[in-house]
1. Within the range 82-102, track down each residue that is touching a residue at least 40 places away in the same chain (Cβ under 8 Å), within 17 Å of the chain's Cα centre (by Cα) and over 22 Å from Thr63 (Cα atoms).
2. All but one of (1) closer than 14 Å to Lys46 by Cα; (2) touching a residue at least 60 places away in the same chain (Cβ under 8 Å) hold for Gly138; state the number of the condition that does not hold.
3. Which pairs turn up if I take residues in the range 41-70 that are closer than 18 Å to Ile82 by Cβ and look for partners that are in a helix (DSSP H, G or I) and modelled with pLDDT of 95 or more with beta carbon separation below 6 Å, at least 6 apart in sequence or on another chain?
4. Looking only at the range 52-91, how many residues end up being over 25 Å from Lys35 (Cβ atoms) and touching a Phe, Trp or Tyr at 6+ places or on another chain (Cβ under 9 Å)?
5. Is there any pair linking a residue in the range 103-118 that is within 15 Å of Ser130 (Cα to Cα) and among the β-branched types (Val, Ile, Thr) to one that is at pLDDT below 95 and in a strand (DSSP E or B), with Cβ under 9 Å and at least six apart or on different chains, and which?
6. If you take the residues of the range 75-130 that are of a type in the set (Lys, Arg) and at pLDDT 95 or above, which of them is nearest to Ile41 (Cα to Cα)?
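The values are calculated or read from the model by the stated rules, or taken from the named source; none is laboratory data. If you're wondering where the values come from, they're calculated on a predicted model, not measured in any experiment. Every residue, glycine among them, receives a Cβ derived from its backbone with ideal geometry; neighbour counts consider all protein chains shown.
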Amino acid sequence: HASTEGVTHFIPIRAAGFLMQKELDYLAGAVSDPKRPFVVILGGAKVSDKIAVTQRLIEIADTLIIGGGMAYTFLKSQGRNIGHSLLDEENLSFAAEMINKAKTENKSLLLPIDHVIAEKFDPEDTRITSQVPDGWMG
């Protein structure tokens, strides 16, 4: 996306290509009539950007795997310590609601069980652990 989006501002006539149409058709089919088991991996930074997608996927997926920064909002909604990890505080109740919905509908909602943590953004100074202590971020 990032490598191609900017050029569209300089071209007067813009359209999606055949490959993009093929990908959209494939995704539409996967969502409307999924092969089972239907497993979805969803990640990114903010839960707020994916509320509608998460609500829809929890209805149709057999398993929903939450990763990336948004996983910390889900973990925090369960009372887990996330240190200084990314948190979408406004959507803690939404995360808890989705976890409960998965349970009541007999779906699997999987969250990370281990984390690469650091006290600051430094790729040379990280650790792998099952807990994110205070002052650290995952």
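1. Result: Ile82, Ser85, Leu86, Asp88, Glu90.
2. Condition (1) is where Gly138 drops out.
3. From residues that are closer than 18 Å to Ile82 by Cβ, the pairs are Gly44/Met70; Val47/Met70; Val47/Thr73; Val47/Asn91; Ser48/Asn91; Ile66/Phe74.
4. Here the count works out to 10.
5. Val116/Arg127; Val116/Ile128; Val116/Thr129; Ile117/Arg127; Ile117/Ile128; Ile117/Thr129; Ile117/Met137
6. Of everything passing the filter in the range 75-130, Lys107 is nearest to Ile41 (Cα to Cα).
Conditions tested, residue by residue: (1) of a type in the set (D, E, K, R); (2) farther than 15 Å from Asn100 by Cα; (3) in contact with a helix residue (DSSP H, G or I) (Cβ under 9 Å, 6 or more places away or on another chain).
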position	(1), (2), (3)
Ala28	no, yes, no
Asp33	yes, yes, no
Val39	no, yes, no
Ala52	no, yes, no
Gln55	no, no, yes
Ile60	no, yes, yes
Gly67	no, yes, no
Met70	no, yes, yes
Leu75	no, no, yes
